[in-house]
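J.: Can you read through this structure? Questions will come right after.
The values are calculated or read from the model by the stated rules, or taken from the named source; none is laboratory data. Bear in mind that the values here come from a model prediction, so they are computed numbers and not experimental data. Note that we place each Cβ from the backbone using ideal geometry, even for glycine, and neighbour counts take in every protein chain shown.
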Amino acid sequence: MPYEKRDAWKRCHELVLAVYAATRDWPRFEVYGLTSQVRRAAVSAAANIAEGAAKRGPSEFRRYLDISLGSLSEASYLLRLGHDLEYLTEEARKDAVRAFACSLIADPTAQVAVVAQRWLDEGAT
């Protein structure tokens, strides 16, 4: 599939797997709340890259990359919330932020390296 060639998709897929692992031990009462929402946001980031890669022309693909960026931002916030609620350690949160940033920087076609670098500078230092 065309999306499998994209480094950004590969990193986002790895991120999805990491988010599932990190949220596995979150409280059971969050399974339909925060746990589900952060997982859906991470999946959405990878899925939008996959969908956009199948579209015709760079402008459509860019639109899907923008949507993916929004999903990554949402997931980043939800992981911060998970940390603030003491479901996630600070180190695990920083690792997740680094993973988000790396997923964005990895594919120059995403054109969001500035945002990714800001996340690294602000959230993972």
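J.: Is it the case that A54 is at pLDDT 75 or above and touching a His at 6+ places or on another chain (Cβ under 8 Å)? Explain how you work it out, then say what you get.
T.: Working: at pLDDT 75 or above: yes; touching a His at 6+ places or on another chain (Cβ under 8 Å): no.
In short, no.
J.: Return the residues of the stretch 75-88 that are over 12 Å from V19 (Cβ atoms) and under 11 Å from the mean Cα position of the chain (by Cα); say none if nothing qualifies.
T.: Matches in the stretch 75-88: Y77 only.
J.: Now for a separate question. Residues of the stretch 4-26 being closer than 18 Å to G52 by Cα, at pLDDT 85 or above and more than 13 Å from the chain's Cα centre (by Cα), which ones?
T.: E4
J.: Count, please, the residues in the stretch 22-32 that happen to be surrounded by fewer than 20 Cβ atoms within 10 Å (Cβ to Cβ) and within 15 Å of H83 (Cα to Cα).
T.: Start the filter on the stretch 22-32 by keeping residues that are surrounded by fewer than 20 Cβ atoms within 10 Å (Cβ to Cβ), which leaves 24-32.
Keeping just the survivors that are within 15 Å of H83 (Cα to Cα) gives 24-27, 30.
The number of residues fulfilling the criteria is 5.
J.: Also, quick follow-up: In this structure, is E4 free of Cβ contacts under 8 Å to residues at least 40 places away in the same chain and in a helix (DSSP H, G or I)?
T.: Here the answer is yes, as E4 does meet what is asked.
J.: So which residues in the stretch 7-29 are touching a residue at least 40 places away in the same chain (Cβ under 8 Å), closer than 14 Å to A92 by Cβ and in a helix (DSSP H, G or I)?
T.: L15, A18, V19, A22, T23
J.: May I ask you to say which residue of V43, V97 is within 9 Å of the chain's Cα centre (by Cα) and at pLDDT 80 or above? Don't jump to the end; show me each part of the working.
T.: Values: V97 fails: at pLDDT 80 or above.
Result: V43 is the single residue among V43, V97 that is within 9 Å of the chain's Cα centre (by Cα) and at pLDDT 80 or above.
J.: Regarding A41, is this residue closer than 17 Å to A8 by Cβ, part of a helix (DSSP H, G or I) and in contact (Cβ under 8 Å) with a residue 24 or more places away in the chain?
T.: Yes.
J.: Give just the number: which of (1) part of a helix (DSSP H, G or I); (2) among the aliphatic types (A, V, I, L, M); (3) modelled with pLDDT under 90 does L88 not satisfy?
T.: Here L88 meets the rest and fails (1).
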